1. What residue, of Ser57, Ser19, is modelled with pLDDT under 85, in contact with a strand residue (DSSP E or B) (Cβ under 9 Å, 6 or more places away or on another chain) and assigned to a strand (DSSP E or B)?
2. Which pairs have Cβ atoms under 7 Å, sit 6 or more apart or on different chains, and link a residue in region 73-101 that is in a helix (DSSP H, G or I) to one that is surrounded by 11 or more Cβ atoms within 10 Å (Cβ to Cβ) and modelled with pLDDT of 80 or more?
3. With the checklist (1) at pLDDT 85 or above; (2) open to solvent by 100 Å² or more (accessible area, probe 1.4 Å); (3) not small (Gly, Ala, Ser) in hand, flag the one item Arg86 doesn't pass.
4. Condition first: open to solvent by 60 Å² or more (accessible area, probe 1.4 Å) and more than 15 Å from Met135 (Cα to Cα). Now tell me which residues in region 105-116 satisfy that.
5. If you go through region 22-39 one residue at a time, how many are modelled with pLDDT under 85 and among the aromatic types (Phe, Trp, Tyr)?
Amino acid sequence: MSSANHKSDELFRGLKSLSQTAFPKKCPTCGRVYENEELYIAATEAIRPAKSGLKESFDDDDNQIVELYRNCVCGSTLMEFFGDRRDNSPNGVKRREIFGQLLDLLVEDGVDPEVARLELLKKLYGKKSDLLDKM
């Protein structure tokens, strides 16, 4: 899996659908039905190579949302709205600050920034990280 694809996968995992009624989603051109968010992302393609298809926007209440543009297997461009589920509470802000500090430490030790970020995320989600377990 390329770095761009992996980064896109991480971005998609950090999003959630704004509307419970968004799925199933039907392509207006060919009629293909995407039953849920995961299948929608897995079965469609990026609209341009090395681009996530994500676009920042705002809803009617001025809340930040993300528009996700993907191409159906028929080639038709589809779009869905997603909201950022980032925790903006004081604890959430503090966790991101600590994460950033840990990331900086790993990069200072010569670890590639993307590798460091992915290894920290593994630990954060309770997964094994060979790199961090060795430290």
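The values are calculated or read from the model by the stated rules, or taken from the named source; none is laboratory data. Note that the structure is a prediction, hence the values are computed from the model and not measured. Glycine also receives a Cβ, built like all others from the backbone with ideal geometry; neighbour counts cover every protein chain displayed. Heads up: the accessible areas ignore ligands, DNA and RNA and are worked out on the full protein's heavy atoms, side chains in. Shrake-Rupley method; radii C 1.70, N 1.55, O 1.52, S 1.80 Å.
1. Ser57
2. Phe99/Leu120
3. (1)
4. Answer for region 105-116, where residues must be open to solvent by 60 Å² or more (accessible area, probe 1.4 Å) and more than 15 Å from Met135 (Cα to Cα): Asp112, Pro113.
5. 1
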